[in-house]
Amino acid sequence: MLVYITTVCPICHEEHEVGVYQDDYLRWCDGALAQDAFPYLNANEREMLISGICPACWDEMFSFDDEDEEEDEPDYEDELREADLEMGFNPYMGGYDYDC
Ligand SMILES: [Zn+2]
């Protein structure tokens with residue numbers, strides 16, 4: 001049975017739904033890695049489950065790199081990314097009856 005998990009992107013605050021099998025979702029709640037529990041999701045969908053960050057915002061974050069190729073501050077973007085991930089680590093989950 002598929003359940004739809006609603007995530008809210010911490011950057012653009014848009015809601016997205018990711019469909020996963022209920023059994024897999026429960027395994028993930030028990031501590032399985034997202035890539036093991038949901039092998040059928042693509043990286044974007046897994047990322048939305050984990051951090052809530054939607055593909056459009058990921059693209060935006062990575063296009064940062066492409067605009068110019070200066071490497072004066074090699075760690076700065078990585079730190080930003082980790083901060084965002086931490087902030088978004090508890091995506092709002094709604095639309096169905098299962099709690100982790
Ligand atoms: Zn977004």
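The values are calculated or read from the model by the stated rules, or taken from the named source; none is laboratory data. Everything numeric in this text was worked out from a predicted model, so none of it was measured. Cβ placement follows ideal geometry from the backbone for every residue including glycine, while neighbour counts extend to all protein chains displayed.
The table below gives the values:
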quantity	calculated
Residue check, Glu47 charged (D, E, K, R), touching a Phe, Trp or Tyr at 6+ places or on another chain (Cβ under 7 Å) and without any contact (Cβ under 8 Å) to a residue 12 or more places away in the chain	yes
Helices (runs of 4 or more DSSP H) lying entirely in region 14-93 (those with 1 or more residues that are within 30 Å of Met1 (Cα to Cα) and modelled with pLDDT of 80 or more)	22-29, 34-37, 43-50, 55-67
